[in-house]
1. Which members of the range 116-139 meet the condition of being modelled with pLDDT under 85 and buried (at least 18 other Cβ atoms within 10 Å of the Cβ)?
2. Of the conditions (1) within 30 Å of residue 117 (Cα to Cα); (2) not assigned by TED's automatic domain parsing to the domain that holds residue 140, residue 30 fails just one. Which one is it?
3. Do the conditions hold for residue 95, that is, is it assigned by TED's automatic domain parsing to the domain that holds residue 146, within 30 Å of residue 136 (Cβ to Cβ), out of contact with any helix residue (DSSP H, G or I) (no Cβ under 7 Å at 6 or more places or on another chain) and touching a residue at least 12 places away in the same chain (Cβ under 8 Å)?
4. Please go through the range 8-20 and pick out each residue that is part of a helix (DSSP H, G or I) and surrounded by 10 or more Cβ atoms within 10 Å (Cβ to Cβ).
5. What number goes with the only condition from (1) surrounded by 12 or more Cβ atoms within 10 Å (Cβ to Cβ); (2) under 24 Å from residue 8 (Cβ atoms); (3) out of contact with any strand residue (DSSP E or B) (no Cβ under 7 Å at 6 or more places or on another chain) that residue 23 does not pass?
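The values are calculated or read from the model by the stated rules, or taken from the named source; none is laboratory data. Here the structure is a predicted model, which means the values were calculated and not measured. Cβ sites come from the backbone with ideal geometry, for glycine too, and all protein chains shown count toward neighbours.
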């Protein structure tokens, strides 16, 4: 890491945002709830040319050192796996990731292609017709898909 890059993490704007994230997390890891490990504020995603303090609170998470290290290790593994995927494989993985992310009753999954609809059907263990039955404006909700699953 360059000196200029590291200096950004000493900037008072980052330090204020970092403190706010930690305060909102109750000074504990948001993954394992540990209160004794050193805490880090993790950027869930990185935007090109953005400063560390240019992110919304929803884009940051308070993690203990162990969970922070683990997330970076897993993202590295995921990036390596993604590099070898076909477009069908990418559609499937995006559908699966969106299904995991939306979780709640109002979470929505964007059905961008027929392959995406097939992947969603597979992830939820329902038929393609079930997905199409609940698709509205190219979106389906977790709640609607789950209801189809338990019928």
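1. Listed by number, the residues that qualify are 116, 119, 120, 123, 124.
2. Here residue 30 clears every test but (1).
3. no
4. 8, 13, 14, 15, 16, 17, 18, 19, 20
5. Only one criterion in (1) surrounded by 12 or more Cβ atoms within 10 Å (Cβ to Cβ); (2) under 24 Å from residue 8 (Cβ atoms); (3) out of contact with any strand residue (DSSP E or B) (no Cβ under 7 Å at 6 or more places or on another chain) is unmet by residue 23, namely (1).
Every residue, every condition in (1) farther than 29 Å from residue 123 by Cα; (2) modelled with pLDDT of 95 or more, yes or no:
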position: 1; (1), (2): yes, no
position: 8; (1), (2): yes, no
position: 25; (1), (2): yes, yes
position: 30; (1), (2): no, no
position: 41; (1), (2): yes, yes
position: 51; (1), (2): yes, no
position: 75; (1), (2): no, no
position: 78; (1), (2): no, no
position: 85; (1), (2): no, no
